[in-house]
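*Asks:* Next up is a structure, given as structure tokens.
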Amino acid sequence: MKLKHQPLEMMTTKEKERIHASSCFVLDQAGLRVKNARIIDALVACGAIYENGRISVPQSMVENALESVPGTIRFRAPDPDRSFTVDAAGKDVFLGTGGQALYVLRSNRGVWTRQPAGCRDLEEIVSLCQRLSKVDFITRPMECDVALDRMDEEKARIFASNTTKPMNLANLIDPGKLSKVIEIVGDPAYLSFIVCLVTSPLAVDDTAADKLLAISGQGIPVCISSCSQAGTTAPLSEVGEMIQLNAEVLFGIVLVQAVNPGAPVLYRGIPITADLLSDGSPRWCQPESIRRVALAAEMCRYYGVPCCGTAGVSDEPVPSVQAVSEKAVSLTYQVAAGAQYINSAFGMLDRIMSVAPEQYVIDNMIAALVESELGKAQAFDERGVADAAVAAAKEAMVRLGVEVDELMDRELRSRVAFVNTRKEEYSKESMDSQQTFICSAVESPSSSLVFMKGARKGLRAGWLYIGKRIEAPLDISGLESKQELA
């Protein structure tokens, strides 16, 4: 889809400059814990400092790396008509699947059961996504039931046999299998990957680093991903989490450009919150997380780096009207924020743990409605995007047999109002306080405990959304014929 207006901006340029400066402070003063000798040698050769198990990156290295990143990436496909170009300065937005879920949901007369995912399930979902009109690229949605040493080749075979769209194989298990994967797929230009290089807070996954360098060394686009959880692995503060997450993704960009200048990378920041009101589980699709993920896309556009966004990962365990509302609001804000390459937009439930064939079809409909409603907006401002999100969610509910009442409407508007509402100041004093807090947490032997203790103020101030579930039965009988969903 193509954006009608300039992307939504919830921060001023000055505020984005402050986040950048604070992230650079954290990279320089706290640095990242790392053991991988190849990383240490490559970064030290470019000006980084390695001391006491941590590597510090000066701001000049960050600036040089950002200048080296290509602003456009061509994603080619076996069917040339399916190829597309991501332009960091453009208004085109492309949607794809995501996940690596462990389970598939099956419905029998309205009763959902959860089954371990396998190769046949992966074949089914990839084939289904090949037919869905709003799916522009396919990220591996689930695990395969094969031995780990066969995983890379098996998923490559399934993709090559079932889709002609650009293929994102998500995680590469074994860097030594990359050449075989390319051989199976037929052309490295059809491929991209996702690498979670940094474990929050500020610790390099040394195995992931080897994967990242192998992929980028082939010139294959790679999404450098960080998924912090505010309150447990990052500050509950929106300002603080944005500083830390931005630092973690910037580190990945610095590393790739140090080893292979000009290699294509995408910024993938997923700053969600932890459910400190109950069990600490991730709140993927709650309003404060939707807001923060949109802010990450906004930071990415500030840098002029291609953005891999994330939207539509419902917290609901099964398809439901609550899941429909979460997905519609999430996707609306991520598209409006201008993320050019949006991952996980289809099928995802249960905090990325499960997928359902029916949910992919529902989400394809939601994507079409989001595109339509954003197309009607007079501007991508607070009111325009909020109205589009509510309208898309309500129309999706109606199409699934839900009678939308006043209480549902009120809850939807409460959710989008929370997304639009800033809870903290983005002042220099606030930035300085949070960057100092992050550095102290990293130095602690128990950073999670530091973050949880520091979250008390934010919990009292209502930084986690507390609303009512939207309850109503869904009619999914007319989505697709059973043959098409089988």
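The values are calculated or read from the model by the stated rules, or taken from the named source; none is laboratory data. Every value quoted in this text rests on a predicted model; they were computed, and no experiment measured them. All Cβ positions, glycine included, derive from the backbone under ideal geometry; neighbour counts span all protein chains shown.
*Asks:* Would you list the strands (runs of 3 or more DSSP E) that sit entirely within segment 221-330 and hold 3 or more residues that are modelled with pLDDT of 95 or more and closer than 29 Å to D41 by Cα?
*Replies:* Of the strands (runs of 3 or more DSSP E) lying wholly inside segment 221-330, those with at least 3 residues that are modelled with pLDDT of 95 or more and closer than 29 Å to D41 by Cα span 222-226, 265-269.
*Asks:* Follow-up. In this structure, does S414 turn out to be out of contact with any strand residue (DSSP E or B) (no Cβ under 7 Å at 6 or more places or on another chain), closer than 21 Å to T13 by Cβ and modelled with pLDDT of 95 or more? Reasoning before the result, please.
*Replies:* Values: out of contact with any strand residue (DSSP E or B) (no Cβ under 7 Å at 6 or more places or on another chain): yes; closer than 21 Å to T13 by Cβ: no; modelled with pLDDT of 95 or more: yes.
No, not satisfied.
*Asks:* Please determine whether any residue of segment 73-83 is in contact with a Leu (Cβ under 8 Å, 6 or more places away or on another chain) and either in a strand (DSSP E or B) or surrounded by fewer than 19 Cβ atoms within 10 Å (Cβ to Cβ) (or both). Explain how you work it out, then say what you get.
*Replies:* Here is the first cut: in segment 73-83, the ones in contact with a Leu (Cβ under 8 Å, 6 or more places away or on another chain) are 73.
Narrowing the set further to residues that are either in a strand (DSSP E or B) or surrounded by fewer than 19 Cβ atoms within 10 Å (Cβ to Cβ) (or both) leaves 73.
There is at least one residue in segment 73-83 that is in contact with a Leu (Cβ under 8 Å, 6 or more places away or on another chain) and either in a strand (DSSP E or B) or surrounded by fewer than 19 Cβ atoms within 10 Å (Cβ to Cβ) (or both).
*Asks:* Here are the criteria: (1) under 30 Å from A368 (Cβ atoms); (2) without any contact (Cβ under 8 Å) to a residue 24 or more places away in the chain; (3) of a type outside the set (K, R). Tell me which single one Y103 does not satisfy.
*Replies:* Of (1) under 30 Å from A368 (Cβ atoms); (2) without any contact (Cβ under 8 Å) to a residue 24 or more places away in the chain; (3) of a type outside the set (K, R), only one is false for Y103: (2).
Yes/no per residue for (1) buried (at least 22 other Cβ atoms within 10 Å of the Cβ); (2) of a type in the set (K, R); (3) touching a Leu at 6+ places or on another chain (Cβ under 9 Å):
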{"site": "S107", "(1), (2), (3)": "no, no, no"}
{"site": "E153", "(1), (2), (3)": "no, no, no"}
{"site": "R157", "(1), (2), (3)": "no, yes, no"}
{"site": "L172", "(1), (2), (3)": "yes, no, yes"}
{"site": "G176", "(1), (2), (3)": "no, no, no"}
{"site": "V185", "(1), (2), (3)": "no, no, yes"}
{"site": "L202", "(1), (2), (3)": "yes, no, yes"}
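*Asks:* Among all residue pairs at least 6 apart or on different chains, which show Cβ distances below 8 Å where the first residue, located in segment 430-449, is more than 16 Å from S228 (Cβ to Cβ) and the second is among the small types (G, A, S) and not in a loop (DSSP other than H, G, I, E, B)?
*Replies:* Final answer for the pair search is M431/A21; M431/S22; D432/S22.
*Asks:* Same structure, new question: Checking the conditions here, which among A367, A345, A389 is under 15 Å from the mean Cα position of the chain (by Cα) and not in a strand (DSSP E or B)?
*Replies:* So the residue among A367, A345, A389 that is under 15 Å from the mean Cα position of the chain (by Cα) and not in a strand (DSSP E or B) is A345.
*Asks:* Hey, could you check segment 13-54 for residues that are among the polar types (S, T, N, Q), surrounded by fewer than 17 Cβ atoms within 10 Å (Cβ to Cβ) and in contact (Cβ under 8 Å) with a residue 40 or more places away in the chain and say which is farthest from G240 (Cα to Cα)?
*Replies:* At the first step, the residues of segment 13-54 found to be among the polar types (S, T, N, Q) are 13, 22-23, 29, 36, 52.
Restricting the remaining residues to those that are surrounded by fewer than 17 Cβ atoms within 10 Å (Cβ to Cβ) gives 13, 29, 52.
If we keep only those that are in contact (Cβ under 8 Å) with a residue 40 or more places away in the chain too, we end up with 13, 29.
Values: T13: 18, Q29: 15 Å.
That would be T13.
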